[in-house]
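In what follows, a structure is listed as structure tokens, so that the remarks can point back to it.
The values are calculated or read from the model by the stated rules, or taken from the named source; none is laboratory data. Because the structure is predicted, anything quoted here is derived from the model rather than measured. All Cβ positions, even for glycine, are placed from backbone atoms using ideal geometry, and neighbour counts span all protein chains on display. Keep in mind that these areas ignore ligands, DNA and RNA; they rest on the heavy atoms of the full protein, side chains included. Shrake-Rupley method; radii C 1.70, N 1.55, O 1.52, S 1.80 Å.
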Amino acid sequence: HVHRSKEQWQQFVRILLLTLAIGFSAAGLIFFFAYNWAELHKFAKLGLVQGLIIVTVTIAVFSKYNTTIKNIFLSGASVLVGALFAVFGQIYQSGANAYDFFLGWTVFVSIWVLVSNFAALWLLFLVLLNVTITLYIDQALSSWKGTDTFLVLFYLNAAALVIAALFGKAHSPVWFLYTLAIAVTVLVTIGLIVSLYDDYSSVFLSFLISSLVFYALSLYYGINRRNTFYIALPALSAIFFVTACIFKNS
């Protein structure tokens, strides 16, 4: 029972091709605006994006496709919402900060994320949330250190990982949990090393305590579920940290 069946491969290829089609279409739209910006009228710019959003959402809501395909169309519409905000900001020169743009994007797709409960859409939502927080700290909280940003992002993504692992088992595919776990490991490892090298003792202590708790939970979860992935992650992070300590002291 190791190898996938022919029907499973066909389903995988169908979903993969549909995802690539919608993703490339959204990317092509953005590049289309970038190349033809000066020649397009503002109503054409806004109308094209809004029309595509209406079409994709209509397909996601009223078509007879299965739930997965509908959620893929809804994910494409969520990407187009960001394109719409970008086009609007460029046309009317709203003067908004970068974090305002990503905050609006995050807020206006949140209802779709909650309704669909689709892993790819949740991942997009978390990416937007991380970018919003990062830009807000960078632009509005200039007194904060870079390590403070890593600490906030670590807590955010660790909370998302715990919630998805404990309460979203039925709707959280393995790749989604792995992606979150890798993101949390990268954040805590970078935070540990940067705070160590920059001699931020208080931040380093916070990272050290947080990392030990995360390592313990990851090892416990991996051993309990017989999953070597969650055992390997803290080991890999520890290798990077110990190596950084050796370099610093030498």
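Yes or no, residue by residue, for (1) within 27 Å of residue 133 (Cβ to Cβ); (2) of a type in the set (S, T, N, Q); (3) modelled with pLDDT of 80 or more:
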site	(1), (2), (3)
7	no, no, yes
31	no, no, yes
40	no, no, no
66	no, yes, yes
69	no, no, yes
82	yes, no, yes
85	yes, no, yes
98	yes, no, yes
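Mind listing whichever residues of the stretch 118-136 are of a type outside the set (A, V, I, L, M, F, W, C) and open to solvent by less than 60 Å² (accessible area, probe 1.4 Å)?
Within the stretch 118-136, 130, 132, 134 qualify.
Just for the stretch 1-37: of the residues that are among the aliphatic types (A, V, I, L, M) and farther than 13 Å from residue 73 by Cα, which one is least open to solvent (accessible area, probe 1.4 Å)?
Here is the first cut: in the stretch 1-37, the ones among the aliphatic types (A, V, I, L, M) are 2, 13, 15-18, 20-22, 26-27, 29-30, 34.
Adding the requirement that they be farther than 13 Å from residue 73 by Cα leaves 2, 13, 27, 29-30, 34.
Working: 2: 127, 13: 65, 27: 37, 29: 13, 30: 86, 34: 79 Å².
Only one residue fits best here, namely 29.
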Residue, farthest from residue 197 (Cα to Cα), within the stretch 117-147, restricted to residues that are of a type in the set (Ser, Thr, Tyr) and under 16 Å from the mean Cα position of the chain (by Cα):
132
Taking the stretch 61-87 as the region of interest, how many residues are buried (at least 20 other Cβ atoms within 10 Å of the Cβ) and not in a helix (DSSP H, G or I)?
0
When (1) over 30 Å from residue 213 (Cβ atoms); (2) open to solvent by 70 Å² or more (accessible area, probe 1.4 Å) are applied to residue 112, the one that fails is (2)
What pairs come up if the first residue lies in the stretch 13-35 and is more than 18 Å from residue 121 (Cβ to Cβ), the second is basic (Lys, Arg) and at pLDDT 85 or above, and their beta carbons are under 7 Å apart, counting only those six or more places apart or on different chains?
none
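What about residue 23, is it of a type in the set (Gly, Ala, Ser), at pLDDT below 85 and not in a loop (DSSP other than H, G, I, E, B)? Give the steps one after another, and end with the answer.
Values: of a type in the set (Gly, Ala, Ser): yes; at pLDDT below 85: yes; not in a loop (DSSP other than H, G, I, E, B): yes.
Yes.
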Does residue 185 satisfy being at pLDDT 85 or above and within 30 Å of residue 224 (Cβ to Cβ)?
yes
